[in-house]
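The values are calculated or read from the model by the stated rules, or taken from the named source; none is laboratory data. What you see is a predicted model, and the numbers here were worked out from it, not measured in a lab. Cβ: placed from backbone, ideal geometry, glycine included. Neighbour counts: every protein chain shown. Note: areas computed on protein heavy atoms with side chains; ligands, DNA, RNA excluded. Shrake-Rupley method; radii C 1.70, N 1.55, O 1.52, S 1.80 Å.
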Amino acid sequence: MKAHRRQMAGLGVALVAGAALIWAPSPAEPAPPPPTAAQAWPDAQKGTLPPDLPDGTAYDPGLFLDIRTSVGSAPTRDGKHIRLVIRGPGEAVRELRRLPLTQNPAFVSPSVAGDILVWAESTRAGLHLWTADLRAGRPARLLTGDIGDARLYQTQYDLVISPGRVNWVAAAPEAGTEIRSVALTGGPVAKRVVPGNWALTAWPWMVDGLADISGASRLRSLVTGEERAVPITRLSETACTPLWCRAVSLDDDGYPKIEVVRTDGGERRLVARETARTVISDVAVLGRFEVFARVTPASELTGRDELLVYDIETNRTVRVSPEAGNVRYRNGVLEWTTGNAESFLRHVLDLRSI
């Protein structure tokens, strides 16, 4: 009888254990990978660009007008000059400017509005602003050499084209920031000094706080004088446009965390964390897309990270490329390379077409 009870008790334990196995929650499955750009945006305009011009010289695009047309620099075949060119579909190349390499030249901060292109030229003689009409075919024109101690932050807002003028910022002689502008037809440079450390953002706004550890602190309109305080996240670095701010901080576990929040403090969104990092200076481009990268196990071998875009409108992350280098953005077009330094391919995705 005791043996029978022991057998029943053993059976009961086995049944309970079996039930526990049946009803125990399964381990959490890893989150599914984000959709690719082809899956999420099947109609988006995208393409590739060979690294060289048809004449065999290395080409470095600075700004894309569309996925087939760009403005960039390339040396001459004899290696004595650097050229600023418009590269079109096929083998179409139009030279805008040519500078001798003995002058240590560079074409920087291109900006476009409609058919008007403006850029800065850096040589041993200093920095000058130039312009060209992209459609008319006329020679490029000097706008001014009176640009002061210009501050170019490698964003799409280094040179901002407003109706009839181009605008930029410079360090003031004493303290503060000089807001400078010149007519697109040339002429005298307008200047005014404002206290603070300002940079331009989407016209007509500028943003202060670049010298502060926490970053942006306020926005001000250059037209109306309206001023807005921007949301500050504790122990974070903040960058802002008139619509969105990006806050980069460390979470409770010490991992990087990227968030976006509207400039009025609403709609805070977690973009990414852990191995995520920012890869472009511009915030929430087109008012919709936050571009970032994620370090992967392969990154140490390739030196390239996974390239992703957080789509604020749809609240989802999209994988643009599993491995990307030299990520850049201007004029609505995202650009990156795959491959290595000896052999690479340049890719473009027109975010305006999404």
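Rolling a 1.4 Å sphere over the protein heavy atoms, what is the accessible area per residue of the chain, to the nearest Å²? The answer is 52 Å² per residue.
With coordinates expressed along the principal axes, the C-alpha atoms belonging to the chain extend over 111, 49, 34 Å, beginning with the largest.
Give, as a single signed number, the net charge of other residues whose beta carbon lies under 14 Å from the beta carbon of D43, with Lys and Arg counted +1 and Asp and Glu -1.
On the way: positive: K46, R352; negative: D350.
Net charge in that neighbourhood comes out at +1.
Ratio of Rg to Rh for region 34-99: 1.11 [Cα atoms; Kirkwood radius as inverse mean 1/r over pairs]. Let's test the formula: R0 of 35 Å, r as the Cβ-Cβ distance of E300 and A58. What FRET efficiency results, to the nearest 0.05? Once rounded, the FRET efficiency stands at 0.80. Here region 253-347 is assigned +1 on the Cβ of each Lys and Arg and -1 on the Cβ of each Asp and Glu. Its dipole about the Cα centre then comes out at about 160 debye. To the nearest 10, the accessible area of T48 is 80 Å² with a 1.4 Å probe. Here the chain is treated with +1 on each Lys and Arg Cβ and -1 on each Asp and Glu Cβ, and its dipole about the Cα centre works out to around 340 debye. Against the compact-protein benchmark of 2.2 N^0.38 Å, the Cα-based radius of gyration of region 220-297 scales to 1.16.
Tell me which of A341, H81, N104 sits at the most positive position along the dipole axis of the chain, charges placed on C-beta atoms (Lys, Arg +1; Asp, Glu -1). It is A341, whose Cα lies furthest towards the positive end. Between E227 and D115, the modelled labels are 4.2 nm apart [label points 7 Å from Cα along Cα→Cβ]. Just the protein heavy atoms count here, and of the accessible area of region 246-299 at 1.4 Å, carbon and sulfur take up 46 percent.
Rounded to the nearest percent, how much of the accessible area of region 113-244 (1.4 Å probe, protein heavy atoms only) is carbon and sulfur?
Numbers: 3340 of 6290 Å².
Solvent-exposed carbon and sulfur of region 113-244 make up 53 percent of the total.
How big is region 240-354 by the Kirkwood estimate over distinct Cα pairs, in Å?
Numbers: mean 1/r = 0.0681 Å⁻¹.
One over the average 1/r among Cα pairs gives 14.7 Å for region 240-354.
As an equivalent ellipsoid, region 66-208 spans semi-axes of 27, 17, 13 angstrom, where each value is the square root of five times an eigenvalue of the C-alpha gyration tensor, largest first.
Compute the semi-axes of the equivalent ellipsoid of region 89-129, taking the square root of 5 times each eigenvalue of the Cα gyration tensor, and list them largest first in whole Å.
Working: eigenvalues 94, 48, 9 Å².
The three semi-axes for region 89-129 are 22, 16, 7 Å.
From largest to smallest, the equivalent ellipsoid semi-axes obtained for region 194-258 from the alpha-carbon gyration tensor read 25, 11, 8 Å. For the pair region 27-81 and region 193-207, the centres of their Cα atoms are 31 angstrom apart. Axis of helix 2-23 versus longest Cα principal axis of the chain: the two differ by about 20°, to the nearest ten degrees. Here the extension length gained between L270 and E342 equals 22.2 nm, from 0.36 nm per residue of separation less the Cα-Cα distance.
Could you tell me which residue out of Q156, A92, I354 lies farthest along the dipole of the chain toward its positive end? Charges go on the beta carbon: Lys and Arg +1, Asp and Glu -1, centred on the Cα centre. The one lying farthest along the dipole's positive direction is I354.
Just flag the GluC sites (Glu not before Pro) in region 302-351 sitting in loop per DSSP whose Cβ has no more than 15 other Cβ atoms within 10 Å. Numbers along the way, then the final one.
Numbers: sites: E306, E313, E323, E335, E342; in loops: E313, E342.
When the GluC sites (Glu not before Pro) of region 302-351 are filtered for loop state and at most 15 Cβ neighbours within 10 Å, E313, E342 remain.
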